[in-house]
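Input: a single structure, listed below in structure tokens.
Nothing in this text is a laboratory measurement; each read-out follows from the coordinates by a stated rule. Here the structure is a predicted model, which is why all the values come from computation and not from measurement. Note that each Cβ is placed from the backbone with ideal geometry, even for glycine, and that neighbours are counted across all protein chains shown.
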Amino acid sequence: MRRRALLAAAGTSLASLGGCLGAPEYTITDVTVTSTAPFEFDVTVVDPDAIVEHPAELEFEVRNGSDRPLRVRNTGVWPFGLLQLVYSREESAAGTILWTERYETSQYVDAENRSSYGVESTPLVRALDAGDTVSETYELHGDGVHEAGTAYVIGEFESPVFEYQRDGDDDWTAFTPTIEVAIATKEWVSL
């Protein structure tokens, strides 16, 4: 009797995994960031694996490296806004959203899920004091990764990650770091 129960449980477990076995899974192997003053910008891989059980996680961090406050402007959520992963840096490139739970709580983001979302054009402006740092963790879900290779992170609706302004300036300057994400296919031992 116990043998039948064990075999039934094993069969049910394997059947439930059947849909997962064919799905490709990915891992982030490297992130390279190139940015310019007055900001120090970094992306840290918190969890590299975008697999069935959970998404990969990337922490974006920006530090005001200047000696005076800077005003930072974006839409949706401050300071980075909505970000997407694309395989080409051309403005028309289609991508996949990098997700943060803050989308669901922001009054400026209309987010039902990762494939149905929008953002108000209301600018969110806050000061980032000299030497201050702000960060946000974003998720990359495996079902949004199209292929292994090099991908780029850009703003979802606008190419810059954000815009900034120095005190006394009238113009806003686009902050557009180059963020390259190396993605590899996750190799599993086959059954």
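Total residues in the range 25-67 satisfying the condition of being under 20 Å from residue 173 (Cβ atoms) and among the hydroxyl-bearing types (Ser, Thr, Tyr): the figure is 4.
Among the residues of the range 104-125, those that are surrounded by 12 or more Cβ atoms within 10 Å (Cβ to Cβ) and of a type outside the set (Phe, Trp, Tyr) comprise 104, 106, 109, 110, 111, 114, 118, 119, 120, 123, 124, 125. No other residue among 156, 180 is in contact with a Gly (Cβ under 8 Å, 6 or more places away or on another chain), touching a residue at least 12 places away in the same chain (Cβ under 8 Å) and among the charged types (D, E, K, R) apart from 156. May I ask you to list the residues in the range 56-72 that are surrounded by fewer than 21 Cβ atoms within 10 Å (Cβ to Cβ) and within 22 Å of residue 152 (Cβ to Cβ)? Answer for the range 56-72, where residues must be surrounded by fewer than 21 Cβ atoms within 10 Å (Cβ to Cβ) and within 22 Å of residue 152 (Cβ to Cβ): 57, 59, 61, 63. Taking the conditions exactly as written (within 14 Å of the chain's Cα centre (by Cα), surrounded by fewer than 18 Cβ atoms within 10 Å (Cβ to Cβ), part of a strand (DSSP E or B) and not small (Gly, Ala, Ser)), does residue 137 satisfy them or not? So residue 137 fits the description; yes.
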